[in-house]
Amino acid sequence: VLIFIQDFSKAMSQAGTSQFQEVIRQELEYSMKVELDKILATAPSNELEHTKKDLEGFKKLFHRFLQEKGPSVDWGKIQRPPEDSIQPYEKIKARGLPDNIASVLNKLVVVKLNGGLGTSMGCKGPKSLIGVRNENTFLDLTVQQIEHLNKSYNTDVPLVLMNSFNTDDDTKKILQKYSHSRVKIYTFNQSRYPRINKETLLPIAKDVSYSGENTECWYPPGHGDIYASFYNSGLLDNLIAEGKEYIFVSNIDNLGATVDLYILNHLMNPPNGKRCEFVMEVTNKTRADVKGGTLTQYENKLRLVEIAQVPKAHVDEFKSVSKFKIFNTNNLWIALSAIKRLQEKNAIDMEIIVNPKTLDGGLNVIQLETAVGAAIKSFENSLGINVPRSRFLPVKTTSDLLLVMSNLYSLNAGSLTMSEKREFPTVPLVKLGSSFTKVQDYLRRFESIPDMLELDHLTVSGDVTFGKNVSLKGTVIIIANHGDRIDIPAGALLENKIVSGNLRILDH
């Protein structure tokens with residue numbers, strides 16, 4: 001009897017706890033609704049409809065955030081994907097191309113995710129406007145690639161840029177320079193959501209303005225927002241009406257993400273007659289990619305699992321290169337009709353990423369975001385394609401910038417390809433210290449970009465500058481101690497050398 005009473009009281013207290021949590025959830029949602037209504041009331045009439053859509057989307061995301069608990073994957077259910085669900089690129093390429101590749105290309109739209117600023121590299125304005133090669137920006141290279149495609153095949157592949165409120169004005173100004181190029185360029189804006197105070201779980205914005213001191217009150221909610229904002233913009237319907245069938249989506253800072261005709265042909269002319277609605281390009285992990293999201297089989301569906309969703313006890317296992325061999329490049333091919341169908345049914349399911357930030361004044365806030373690839377499980381007949389590493393060439397830091405500016409790559413019609421003179425297909429590992437973080441500091445420290453064809457590894461730390469025509473080979477480590485400065489002289493050849501604070505050059 002005593003055991004029964006204990007069990008009964010335990011069950012009652014658990015029921016009480018969940019009831020209590022439900023009451024708190026409802027109160028939080030009500031308080032959030034009141035605050036959002038106040039913000040909406042400050043919107044000028046020409047922005048009212050747009051702001052209303054943004055805040056409705058945010059409200060849905062906030063509701064889900066309150067419902068979910070902890071990491072959203074049950075580790076025990078994660079399985080390796082079935083063999084045929086991730087195809088090797090070689091197999092897809094071996095099918096060759098049909099004679100009518102132009103008619104297939106005319107069904108394609110290229111979408112670049114262009115919401116990010118260049119702040120991590122010390123630049124103001126959109127990241128896509130940073131010069132990466134021979135004065136060409138990310139955006140220049142993208143336009144050149146698509147123009148080359150349209151001229152070569154006499155096609156009409158348009159470019160769509162998903163901007164954020166941070167990048168829209170600057171990007172639109174620059175687009176005028178492409179008015180005579182053979183590429184139709186469209187833009188739409190992703191949503192603008194309010195940042196939430198971490199303590200009160202209420203928005204820190206008091207009105208709709210997002211300039212001046214209010215810039216920190218708002219954020220673009222990650223690239224998973226593409227589905228809703230593309231649909232809401234009306235552009236999705238317009239492109240379907242023009243006969244477009246697939247979008248190729250990628251990050252604008254991934255210089256390897258060019259249109260691949262073999263993958264496009266595989267989508268449009270599937271070998272088994274059944275079209276894929278969603279293709280994710282994955283590539284083999286290296287030690288540098290252990291945090292990248294990976295494709296798994298979960299409840300009989302392909303599912304993208306990100307490190308943030310992994311229970312703490314399994315993070316090391318997730319990072320293991322032997323168990324999870326591939327990661328998501330964020331190069332995605334998606335059927336337009338499927339986006340429309342799922343968006344209208346409100347059936348696109350993406351896990352919420354809670355991104356904590358500390359504002360300049362010290363206030364802790366959270367941003368609720370989603371990732372575009374996480375929607376893979378909502379689409380029918382999804383597929384992973386294991387592509388060569390050359391299709392993943394992101395420029396996130398000046399260390400990446402050094403690689404793409406060097407003679408490791410040659411530039412042709414906006415596309416970078418690894419130089420045939422390099423003996424190894426892998427890219428050298430480059431780590432530039434904090435003195436190189438900002439693009440302007442980085443450029444000041446190189447009189448010219450070194451010859452890196454035979455480089456395996458470069459680490460630079462401290463106050464270091466490079467003269468003209470320096471050659472780096474093997475493993476080179478240059479460390480200037482605090483207060484010291486090292487100037488690598490013009491024409492120097494460093495092969496397997498450690499250069500330390502007092503400028504002694506040692507064999508490595």
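The values are calculated or read from the model by the stated rules, or taken from the named source; none is laboratory data. The structure presented is a predicted model; accordingly, all values stated were derived computationally and were not measured. Here the Cβ positions follow ideal geometry from the backbone for every residue, glycine too, while neighbour counts run over all protein chains shown. These accessible areas exclude ligands, DNA and RNA; they are computed on the full protein's heavy atoms, side chains included. Shrake-Rupley method; radii C 1.70, N 1.55, O 1.52, S 1.80 Å.
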Difference of contour (0.36 nm per residue) and Cα-Cα distance, LYS206 to ARG25: 62.9 nm
Three-way shape call for region 304-349 based on the alpha-carbon gyration tensor, with the a/c threshold at 1.5: oblate
Charged-residue dipole, Cβ positions (Lys, Arg, Asp, Glu), the chain about Cα centre, Debye nearest 20: 540 debye
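I'd like the projected area of the chain, averaged over all directions, using the convex hull of its alpha carbons. Report it in nm² with one decimal. Walk me through the intermediate numbers first.
Working: hull surface 120.1 nm².
Projected over every direction and averaged, the Cα hull of the chain covers 30.0 nm².
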Cβ-based charge dipole, region 75-391, positive-most Cα from ILE86, GLY361, THR142: ILE86
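Length gain on complete extension for the stretch LYS151 to ASN136, per 0.36 nm per residue less the alpha carbon to alpha carbon distance? Walk me through the numbers before you get to the answer.
Working: separation 15, 0.36 × 15 = 5.40 nm, distance 1.99 nm.
Additional length available on full extension: 3.4 nm.
Could you order PHE65, PHE188, PHE424 by accessible surface area, starting with the largest, using a probe radius of 1.4 Å?
Numbers: PHE65 45, PHE188 10, PHE424 90 Å².
Descending order: PHE424, PHE65, PHE188.
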Full-extension gain in nm, GLU299 to ALA490, via 0.36 nm per residue minus C-alpha separation: 62.8 nm
SER45, SER164, ranked by accessible area, largest first (probe 1.4 Å): SER45, SER164
Label point distance in nm, GLU242-ASN407, each placed 7 Å from Cα along Cα→Cβ: 4.2 nm
Probe 1.4 Å - accessible area at SER448, Å² to nearest ten: 30 Å²
Relative packing of peptides 482-492, 365-375 - highest average C-beta neighbours within 10 Å first: 365-375, 482-492
Accessible heavy-atom area order of GLU242, GLU199, GLU447, highest first, probe of 1.4 Å: GLU199, GLU447, GLU242
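Can you give the calculated 222 nm mean residue ellipticity of the chain, where each DSSP H run of n ≥ 4 adds -39,500 (n - 2.57) and the sum is split over every residue, rounded to the nearest 500 deg cm²/dmol? Spell out each step's value before the answer.
Values: 13 runs with 144 residues, N = 508.
Result for the chain: -8500 deg cm²/dmol, rounded to the nearest 500.
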Whole-number accessible area per residue in Å² for the chain, which is evaluated in the context of all protein chains at 1.4 Å: 49 Å²
Residue (of ASN469, GLY433, VAL404) at the positive-pole extreme of region 398-500, dipole from beta-carbon charges: GLY433
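When N counts the residues of region 398-500, how does its alpha-carbon radius of gyration compare numerically with 2.2 N^0.38 Å, as a ratio? Can you show the working numbers first?
Values: Rg = 13.3 Å, N = 103, 2.2 N^0.38 = 12.8 Å.
Taking N as the residue count of region 398-500, the ratio is 1.04.
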Cα gyration tensor, region 46-193 - rounded (a/c under 1.5), prolate or oblate: oblate
Förster-model FRET efficiency, 45 Å R0, SER500 and LYS77, C-beta, rounded to 0.05: 0.30
Paired Rg and Dmax values of region 353-412, which use every Cα atom, in angstrom: 18.4, 48
Separation in nanometres of the label points that stand 7 Å from Cα toward Cβ, at LYS323 and ARG444: 4.7 nm
Gyration tensor verdict on region 258-344 (Cα atoms; rounded if a/c is under 1.5, prolate if a/b is larger than b/c, oblate otherwise): prolate
Carbon plus sulfur fraction of accessible area for region 75-391, probe 1.4 Å, in percent: 48 percent
THR42-ILE101 pseudo-label distance in nm [points 7 Å out on the Cα-to-Cβ vector]: 5.4 nm
Inter-centroid distance (Cα atoms) of region 340-407 relative to region 62-128, Å: 8 Å
Accessible-area value, GLU35, 1.4 Å probe, nucleic acids and ligands omitted, Å²: 40 Å²
Area of LYS431 that stays accessible when all protein chains are in place (1.4 Å probe, Å², to 10): 110 Å²
FRET efficiency, 1/(1 + (r/R0)^6) with R0 41 Å, evaluated for ILE174 and SER337 via beta carbons: 0.80
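What FRET efficiency comes out for THR465 versus GLU423 if R0 is 30 angstrom and r is the Cβ-Cβ distance? Round to the nearest 0.05.
Values: r = 29 Å, r/R0 = 0.96.
Efficiency for this residue pair is about 0.55.
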